[in-house]
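*Asks:* One structure, as structure tokens, below. Some questions next.
The values are calculated or read from the model by the stated rules, or taken from the named source; none is laboratory data. These numbers come from a predicted model, not from an experiment. Don't worry about glycine lacking a Cβ; one is built from the backbone with ideal geometry, like all the others, and counts go over all protein chains shown.
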Amino acid sequence: MTSAPRILLIVGGGIAAYKSCELVRLIRKNGASVTCVLTEGGTHFVTPMTLAALSENPVHTTLWDLKNEVEMGHIQLSRQADLVVVCPATADLMARMAAGIADDLATTLLLATDKPVLAAPAMNVRMWQHAATQRNVATLRESGVTVLDPDEGAMACGEFGPGRLPEPEAIWRAIADALGQSAPAAATGPLSGRHVLVTAGPTHEPIDPVRYIANRSSGKQGFAIAAAAAAAGARVTLVSGPVHLPTPPGVTRVDVETAREMAAAVDAALPADVAVMVAAVADWRTADSAGQKLKKDGSGKVPPLALTENPDILATLCRSDRRPPLVVGFAAETEKVIAHAQAKLARKGADWIVANDVSGDVMGGTLNAVHIVSTGRVESLPEMPKEQVAAALVQRIADALA
């Protein structure tokens, strides 16, 4: 764009509305102008005066303001912006958007606009996962609305799961993408200008068309690290095995299935400033996967499976002439956690090994307790949500690169 982008920000009525203040600050910091529309619900969490002071523009709250309608009609307001952003987009607001309801200023503007619309959802985990909300999200996306995936984590209501509003930095990056900016101008933070490569999830090694060898990884820790790195300003490439997780905002995701596919994707993603190899890659695959489903023949004989070793992605990366300056491996152990991690550190050639005890419910769970093992040093972190583990690790990565 040749002129400064103009954003129309609709602030919905949820506890996450307070983050809209930081989003306004980021929008203006990066050279765009912003005009705010505050819903009735939103006024219970932030005030028009706060948003007006931050945006340095009048804040609109009602469809029935005669002065505002004379000076700037709501139709004109809906068309002047380059992008309409709804943040937070509550379950109720998205339901009314999907149904085409126009019973207040916000929904009337959304129905009248001819500009792109981006929505950043925030709500209770059960509300987000409810079939009605998912139908509404699908309807909005089919209609051309960009609906971001919410973050996963602890919520104000005390529950845990997907539904948290993405961090303002991540929302800004999505805004920059929607505006067609070649680089997210708000990629400020301790990892700004860095490329972070993350692997996550399991690999599936086919035995036949319906069976496979795999590890029990859910991908949650790797996805949390990718999200934290993006929030810290990094350009993030996430190479993921088969998982059912939303892509973190601002992250480029590459989906793979097998270890060999993951190895190729990692190589294609280089160069990088740091590689965080979280994926639980299957150590072995079948030497020859069957083209058809293996069947029982009634004899009681079990067909033999000839296994062969998969590529060692971490060791290969550490030996590569394109090795990132910082390589972090992960070790999922069930005994002698630190000793095995120290041996893996020496064997693979990584800079750090992040080790954890997975003999409980860590794989698939929401909590983790890790040990960051480097040459001559072990730092043990207490058990905490995986998002906090990710934030702690990303901070240490930023310090190391600095």
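*Asks:* Going through the stretch 40-65 one residue at a time, which ones are among the charged types (D, E, K, R) and either more than 16 Å from PRO88 (Cβ to Cβ) or surrounded by 19 or more Cβ atoms within 10 Å (Cβ to Cβ) (or both)?
*Replies:* Selection gives GLU56, ASP65.
*Asks:* Right, next: Going residue by residue through the stretch 106-126, is there one that turns out to be at pLDDT 90 or above, among the basic types (Lys, Arg), part of a helix (DSSP H, G or I) and under 15 Å from GLY13 (Cα atoms)?
*Replies:* No, because not a single residue in the stretch 106-126 is at pLDDT 90 or above, among the basic types (Lys, Arg), part of a helix (DSSP H, G or I) and under 15 Å from GLY13 (Cα atoms).
*Asks:* Name the residues in the stretch 8-40 that are more than 16 Å from THR61 (Cα to Cα) and not in a helix (DSSP H, G or I), would you?
*Replies:* ASN30, GLY31, ALA32, SER33
*Asks:* Which of the following residues is in contact with a Lys or Arg (Cβ under 8 Å, 6 or more places away or on another chain) and among the hydrophobic types (A, V, I, L, M, F, W, C): ALA275, ALA290, ALA224, ALA306?
*Replies:* Step by step, each of ALA275, ALA290, ALA224, ALA306 is checked, and only ALA224 is in contact with a Lys or Arg (Cβ under 8 Å, 6 or more places away or on another chain) and among the hydrophobic types (A, V, I, L, M, F, W, C).
*Asks:* Among the listed residues GLY233, GLY300, which satisfies the condition of being in contact with a Leu (Cβ under 9 Å, 6 or more places away or on another chain) and at positive phi?
*Replies:* GLY233
*Asks:* Also: Just to be sure I understand, how many residues within the stretch 236-250 are crowded, with 22+ Cβ neighbours inside 10 Å and at pLDDT below 90?
*Replies:* Residues flagged as crowded, with 22+ Cβ neighbours inside 10 Å and at pLDDT below 90 within the stretch 236-250 amount to 3.
*Asks:* Could you tell me how many of the residues in the stretch 308-330 are of a type outside the set (Ser, Thr, Tyr) and in contact (Cβ under 8 Å) with a residue 40 or more places away in the chain?
*Replies:* Selection size over the stretch 308-330: 12.
*Asks:* Then there is this: In the stretch 324-376, how many residues are surrounded by fewer than 20 Cβ atoms within 10 Å (Cβ to Cβ), under 24 Å from the mean Cα position of the chain (by Cα) and polar (S, T, N, Q)?
*Replies:* Summing the residues that are surrounded by fewer than 20 Cβ atoms within 10 Å (Cβ to Cβ), under 24 Å from the mean Cα position of the chain (by Cα) and polar (S, T, N, Q) in the stretch 324-376 gives 1.
*Asks:* While we're here: Being under 13 Å from VAL281 (Cα atoms) and outside any helix (DSSP H, G or I) is the filter here, so list the residues in the stretch 246-267 that pass it.
*Replies:* VAL256, GLU257, THR258
For (1) of a type in the set (Ser, Thr, Tyr); (2) assigned by TED's automatic domain parsing to the domain that holds GLY201; (3) touching a residue at least 12 places away in the same chain (Cβ under 8 Å), each residue gets a yes or a no:
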| site | (1), (2), (3) |
| --- | --- |
| THR252 | yes, yes, yes |
| ALA259 | no, yes, yes |
| ALA265 | no, yes, yes |
| VAL281 | no, yes, yes |
| ARG285 | no, yes, yes |
| LYS296 | no, yes, no |
| LYS301 | no, yes, no |
| PRO304 | no, yes, no |
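*Asks:* Sort out which residues of the stretch 87-126 are acidic (Asp, Glu) and closer than 14 Å to VAL145 by Cα, and write them in order of number.
*Replies:* Keep residues of the stretch 87-126 that are acidic (Asp, Glu), which gives 92, 103-104, 114.
ASP114, the sole residue that qualifies.
*Asks:* Restricting attention to the stretch 382-398, does a residue exist that is over 23 Å from PRO190 (Cβ atoms), in a helix (DSSP H, G or I) and small (Gly, Ala, Ser)?
*Replies:* no
*Asks:* Suppose we filter the stretch 10-31 for residues that are closer than 20 Å to LYS115 by Cβ, buried (at least 24 other Cβ atoms within 10 Å of the Cβ) and touching a residue at least 60 places away in the same chain (Cβ under 8 Å); how many remain?
*Replies:* Going through the stretch 10-31 one residue at a time, the tally reaches 6.
*Asks:* Quick check on ARG96: is it touching an Asp or Glu at 6+ places or on another chain (Cβ under 9 Å), surrounded by fewer than 23 Cβ atoms within 10 Å (Cβ to Cβ), under 24 Å from THR62 (Cβ atoms) and modelled with pLDDT under 95? Steps first, please.
*Replies:* Numbers: touching an Asp or Glu at 6+ places or on another chain (Cβ under 9 Å): yes; surrounded by fewer than 23 Cβ atoms within 10 Å (Cβ to Cβ): yes; under 24 Å from THR62 (Cβ atoms): yes; modelled with pLDDT under 95: no.
Judged against the criteria, ARG96 is not a match.
Conditions (1) more than 29 Å from VAL389 (Cα to Cα); (2) among the charged types (D, E, K, R); (3) surrounded by 23 or more Cβ atoms within 10 Å (Cβ to Cβ); (4) in contact with a helix residue (DSSP H, G or I) (Cβ under 8 Å, 6 or more places away or on another chain), marked per residue:
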{"residue": "THR108", "(1), (2), (3), (4)": "yes, no, no, yes"}
{"residue": "ALA122", "(1), (2), (3), (4)": "no, no, yes, yes"}
{"residue": "VAL125", "(1), (2), (3), (4)": "no, no, no, no"}
{"residue": "TRP128", "(1), (2), (3), (4)": "no, no, no, yes"}
{"residue": "THR133", "(1), (2), (3), (4)": "yes, no, no, yes"}
{"residue": "LEU140", "(1), (2), (3), (4)": "yes, no, no, yes"}
{"residue": "THR146", "(1), (2), (3), (4)": "yes, no, no, yes"}
{"residue": "ASP149", "(1), (2), (3), (4)": "no, yes, no, no"}
{"residue": "GLU152", "(1), (2), (3), (4)": "no, yes, yes, yes"}
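*Asks:* Scanning the stretch 353-369 for residues that are β-branched (Val, Ile, Thr) and in a loop (DSSP other than H, G, I, E, B), which turns out farthest from GLN388 (Cα to Cα)?
*Replies:* VAL358
*Asks:* Additional query: Restricting the search to the stretch 370-381, which residues are assigned to a strand (DSSP E or B) and polar (S, T, N, Q)?
*Replies:* Matches in the stretch 370-381: SER374, SER380.
*Asks:* From GLN134, GLN76, which residue is modelled with pLDDT under 90, in the same structural domain as VAL34 (by TED's automatic domain parsing) and part of a helix (DSSP H, G or I)?
*Replies:* Only one candidate qualifies: GLN76.
*Asks:* Step by step: first the residues of the stretch 75-90, then only those that are out of contact with any Leu (no Cβ under 8 Å at 6 or more places or on another chain) and buried (at least 21 other Cβ atoms within 10 Å of the Cβ), then the one that is farthest from THR113 (Cα to Cα). Which residue is that?
*Replies:* Of the stretch 75-90, the ones out of contact with any Leu (no Cβ under 8 Å at 6 or more places or on another chain) are 75-76, 79, 89-90.
From the residues that got through so far, the ones that are buried (at least 21 other Cβ atoms within 10 Å of the Cβ) too are 89-90.
Values: ALA89: 17, THR90: 19 Å.
Per the stated criteria, the residue is THR90.
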